[in-house]
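Worksheet: the structure to be examined is printed underneath.
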Amino acid sequence: PAGAGQDQTFRADDEPEHGDLIVTEAGVLKVLHTPGHASNHLCFLLVDQQLLFSGDHIMQGSTVVINPPDGDMKAYIESLYELLAESVRYIAPAHGFLMGHPEAVIDFLITHRLSREHKVARALGALTPVDLKALTAKAYDDVPAAIHGLAARSALAHLLKLEAEHRAFREGDLWHAIHES
């Protein structure tokens, strides 16, 4: 979804697709479709230098906001796993500084997200059925209450991932855990 400050009339002359190779003066860029933060997010890998321009997919010093409906936690985590298959020596994020040890950076992000998912799933199991606000308060009890509004968007992204994996479902404003038998 476009924000209020975005040009609704803009149409790109060319829209690269996953796997496309773009020849530049700096070398060949490989296009990597990395949905999650946004459904149309792309990263670009400068192949010879093994330099990944990660845009908003990976940031230095903080985690990326995954805000449904365009933000998708399941797609985000899957995109991170797919990046591990690429030959990357450095990550150049849109926010922050150049990062070395890309496997460690990506492993940390996956672990962080799955750890939070575990907290969301445990809170859902304990409180089911529960509304988003109460679930957020329990699953994000380690973050200041002042940012629980933003945390609720992330909690929703995790719940939608659990729903896609048949581990949760929603009825009206209440979320329910699906207990494995």
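Six or more apart or on different chains, Cβ atoms under 7 Å: show the pairs whose first residue is in the range 60-76 and touching a residue at least 60 places away in the same chain (Cβ under 8 Å) and surrounded by 15 or more Cβ atoms within 10 Å (Cβ to Cβ) and whose second is of a type in the set (Ser, Thr, Tyr) and assigned to a helix (DSSP H, G or I). Here the result reads Ile66/Tyr76; Ile66/Ser154, each pair linking the range 60-76 to a residue that is of a type in the set (Ser, Thr, Tyr) and assigned to a helix (DSSP H, G or I).
Only one of Gly61, Gly36 is touching a helix residue (DSSP H, G or I) at 6+ places or on another chain (Cβ under 7 Å), assigned to a loop (DSSP other than H, G, I, E, B) and on the phi > 0 side of the Ramachandran plot. Can you tell me which? Every option except Gly36 fails the conditions. Could you say whether any residue in the range 98-112 is free of Cβ contacts under 8 Å to residues at least 60 places away in the same chain, in contact with a His (Cβ under 9 Å, 6 or more places away or on another chain) and either farther than 25 Å from Glu78 by Cα or of a type outside the set (S, T, N, Q) (or both)? The answer is no; no qualifying residue exists.
Could you identify the single residue in Ala137, Ala123, Ala177, Ala152 that is of a type in the set (A, V, I, L, M), surrounded by 12 or more Cβ atoms within 10 Å (Cβ to Cβ) and under 18 Å from the mean Cα position of the chain (by Cα)?
Working: Ala137 fails: under 18 Å from the mean Cα position of the chain (by Cα); Ala123 fails: under 18 Å from the mean Cα position of the chain (by Cα); Ala177 fails: under 18 Å from the mean Cα position of the chain (by Cα).
After ruling out the rest, the residue left standing is Ala152.
Would a scan of the range 44-55 turn up a residue that is surrounded by fewer than 19 Cβ atoms within 10 Å (Cβ to Cβ), out of contact with any Asp or Glu (no Cβ under 9 Å at 6 or more places or on another chain), among the aliphatic types (A, V, I, L, M) and in a loop (DSSP other than H, G, I, E, B)? Yes. Glu15 falls short on exactly one of the conditions (1) free of Cβ contacts under 8 Å to residues at least 12 places away in the same chain; (2) within 9 Å of the chain's Cα centre (by Cα), and that condition is (2).
Where a number appears in this text, it was derived from the coordinates with a stated rule and is not lab data. The shown structure was predicted, so the numbers you read here are calculated from the model rather than taken from an experiment. Every residue, glycine as well, gets a Cβ built from its backbone with ideal geometry; the counts of neighbours run over all protein chains shown.
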